[in-house]
Each structure stands twice: as C-alpha cells, then as structure tokens.
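Just so you know, all these numbers are worked out from the coordinates, no wet-lab data involved. None of the values given here were measured: they were computed from a predicted structure. Note that we place each Cβ from the backbone using ideal geometry, even for glycine, and neighbour counts take in every protein chain shown.
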Amino acid sequence: FLQITGFPQIGNSTFHIAHALWGGLLLLISAWLMLMFANRWIFQIAAVAAGAGVGLFIDEVGKFITQATDYFFPLAAPIIYAAFLITVFVYLFVRRPRTQDARAEMYTILEDFQEVLDHDLSDDERKALTDRLEHVQQIAKRDDLRHLAEHMLSFVKSDTVPVATHQMSPWERFEGWLRRIETRWLPRGRFRTLIVLAVVLAGIGSVFALIGLAVLIANPQALADIIALFVDQPQVTGDSSLMSYTAMSILEVLGALLMGAAAVMFLRRRDVLAVRIASLALVLSLTLTNVIGFYFDQFAMVATALYQLVLLLALLRYQQRFLASNSPATE
C-alpha cells in the first residue's frame with residue numbers, strides 16, 4: 001500500500017508529522033475525556049480513541065528500536081503482535097468471573113447507578129442491581145455498607161425509579177441478524193462439515209512433517225539439505241536467528257500434527273476431543289509460533305494468523321452451540 005501510494009506524508013520539505021504523533025494525540029484526547037466526564041458512553045468513545053492511538057503509535061515501533069530508524073525492521077512485527085496478544089490476555093483476565101467482597105460489589109453497584117441517573121435503566125438492569133444489593137446485604141461485615149445497600153435496594157424496588165423500555169442497539173440488531181443467518185444456513189451437519197474441512201486444511205502440514213521425518217530416517221544425509229534450506233532464508237543471519245527459525249519450524253510441525261490428530265478425531269466423530277485438540281493447536285500457533293513467524297515473514301503471517309483466529313472462533317462457536325451438554329453422543 002505504501003509503495004503504491006508513494007509513501008504519503010503529512011508535512012512538507014522541512015516537516016514530517018509521523019502518524020505516531022497522531023496516535024499520541026488520540027491517546028491524550030482519550031485521557032482527557034476519561035478525566036473530564038464520567039458517563040459510560042464517554043468511556044466507549046475514549047476506548048475507541050485509545051485503541052486507534054495505540055495502533056498509530058505502535059505501527060512505527062521499528063523506528064524506535066533501531067539506530068537506523070528502520071520502519072520495516074523485522075523485529076517490529078513480532079513486537080506489535082506480542083502487544084496485541086498481551087492486550088487480549090489482559091482482557092480475558094479482567095473478564096473472568098471473580099468473587100468480590102461487599103466493598104468491591106458496592107463500587108460496581110455505584111457505577112451501574114449511572115443508568116438510573118440517565119433514565120436508561122431497563123428491567124434486566126434493575127433485576128441485576130437488585131440481585132447485587134441483596135448479595136451485599138448477605139456478605140457485608142460492615143454495618144454501614146449493609147445499611148447503605150438496604151436503602152439503595154428499597155429505592156431501586158420503589159415506583160419512583162423510572163424503568164426504560166429496552167431499545168435494541170445497532171450492534172444488538174446486527175447480532176440478531178447474524179444468529180438468524182447462522183440458524184438458517186449453518187445447521188449442525190453443515191457447520192461440522194466446514195469445521196472438518198478447515199481443520200483438515202490446517203493439518204495438511206502434518207502429512208508433510210511425517211514424510212520429512214520418514215525421509216530423514218531413510219536418508220540421514222538429507223539433514224544437510226534441510227539445514228542449508230534454513231540458512232538460505234533471508235532473515236537467517238546468525239546463530240540466534242537460525243535457532244529461532246528452527247524453533248518456529250518445530251512448533252509448526254507440532255501444531256500441524258495436533259491439527260492432523262484433531263482431523264482424525266472429527267472423522268471418528270469424537271467431536272469434543274477433536275475440538276479440544278484443534279483449539280490447543282491453534283492457541284499454540286497464535287501465541288508462540290506466530291510470534292516467531294512474524295520476524296521472518298510478517299505479511300504472510302497476517303493471513304495465517306487471521307485464518308487461525310477465525311477457525312478458533314468457529315470451533316468455540318461450534319462447541320457452544322452443539323457440545324455444551326458434553327453428552328456421550330457428542331464424544
């Protein structure tokens with residue numbers, strides 16, 4: 001894209017306003033918004049601005065880790081990918097259900113009370129508030145928290161609290177449309193067929209891995225040719241990069257073998273075990289193999305990572321729709 005567009009810049013013969021600066025500006029704006037306002041919709045706007053700002057900033061990380069300010073330095077892509085992975089892990093950690101004490105629950109309740117102030121409290125949100133307040137009354141060891149929860153509960157249950165009719169947001173309507181499409185066009189049989197084909201495609205590498213292992217056993221001299229193939233890679237410039245490339249290759253073989261095993265389990269109609277093995281292989285690839293792979297071929301790895309992510313999400317969705325009961329028939 002940059003070559004086609006002639007490396008567009010904002011500036012002139014003297015100035016060059018790098019997009020890292022625009023990223024910093026968006027981060028600053030998001031910080032201002034969260035400091036000045038407390039509405040929930042402001043947090044959503046600030047989150048979008050912060051995400052765009054981080055993306056614009058981290059895109060130029062190659063310039064800031066090299067003496068030559070090399071935008072396309074190979075290590076930049078793994079750093080960007082690793083930062084994305086860490087963000088996902090933090091999100092998953094924060095989203096985990098946790099046991100909270102009465103004080104922490106009250107902080108959550110006070111935050112949810114914004115819906116009352118905005119006259120945007122739905123029946124479901126009112127019930128959730130009621131359940132939380134009743135829970136605080138049961139677990140609170142401090143009298144002040146228990147009394148506060150009691151008075152807030154009486155207020156929430158009273159007729160003075162306006163309850164808004166829930167109106168579906170554009171995102172909720174989009175989700176509903178997707179579910180209808182999924183129900184109509186992806187019944188279990190068709191969904192399973194697509195999953196099996198995708199897993200088999202991802203596990204084709206296991207066949208080549210087994211063939212390569214057989215060749216090495218039959219002809220040990222072929223090992224020299226394989227080492228030469230590694231050395232011929234443009235990014236393999238020393239012992240460290242050779243070791244990294246070798247580690248990546250081993251992880252790729254392991255992932256391919258796991259995907260091959262998952263394909264076999266699917267063909268034997270042991271869906272629960274197949275989904276677990278395939279998910280393990282994809283998580284291994286997304287968290288380890290791809291981090292190294294982005295150093296050697298960042299553009300090809302983008303397509304690979306997207307394919308693996310889509311397949312992992314499809315597996316999780318298949319498990320959620322059809323395997324949640326863990327009945328013997330699904331095994």
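Quick one: which residue in Leu280, Leu273, Leu257, Leu312 is in contact with a Ser or Thr (Cβ under 6 Å, 6 or more places away or on another chain) and closer than 13 Å to Val199 by Cβ?
Unique residue meeting the criteria: Leu257.
Of the residues Leu75, Leu85, Leu21, which is out of contact with any Ser or Thr (no Cβ under 9 Å at 6 or more places or on another chain), among the hydrophobic types (A, V, I, L, M, F, W, C) and farther than 30 Å from His135 by Cβ? Steps first, answer last, please.
Working: Leu75 fails: out of contact with any Ser or Thr (no Cβ under 9 Å at 6 or more places or on another chain); Leu85 fails: out of contact with any Ser or Thr (no Cβ under 9 Å at 6 or more places or on another chain).
The unique qualifying residue is Leu21.
Here is a list: Arg317, Arg321, Arg269. Which entry is surrounded by fewer than 16 Cβ atoms within 10 Å (Cβ to Cβ), of a type outside the set (A, V, I, L, M, F, W, C) and outside any helix (DSSP H, G or I)?
Matching residue, one of Arg317, Arg321, Arg269: Arg269.
What helices (runs of 4 or more DSSP H) completely inside region 2-102 contain at least 2 residues that are more than 27 Å from the chain's Cα centre (by Cα) and not aromatic (Phe, Trp, Tyr)?
In region 2-102, 19-36 are the helices (runs of 4 or more DSSP H) which contain 2 or more residues that are more than 27 Å from the chain's Cα centre (by Cα) and not aromatic (Phe, Trp, Tyr).
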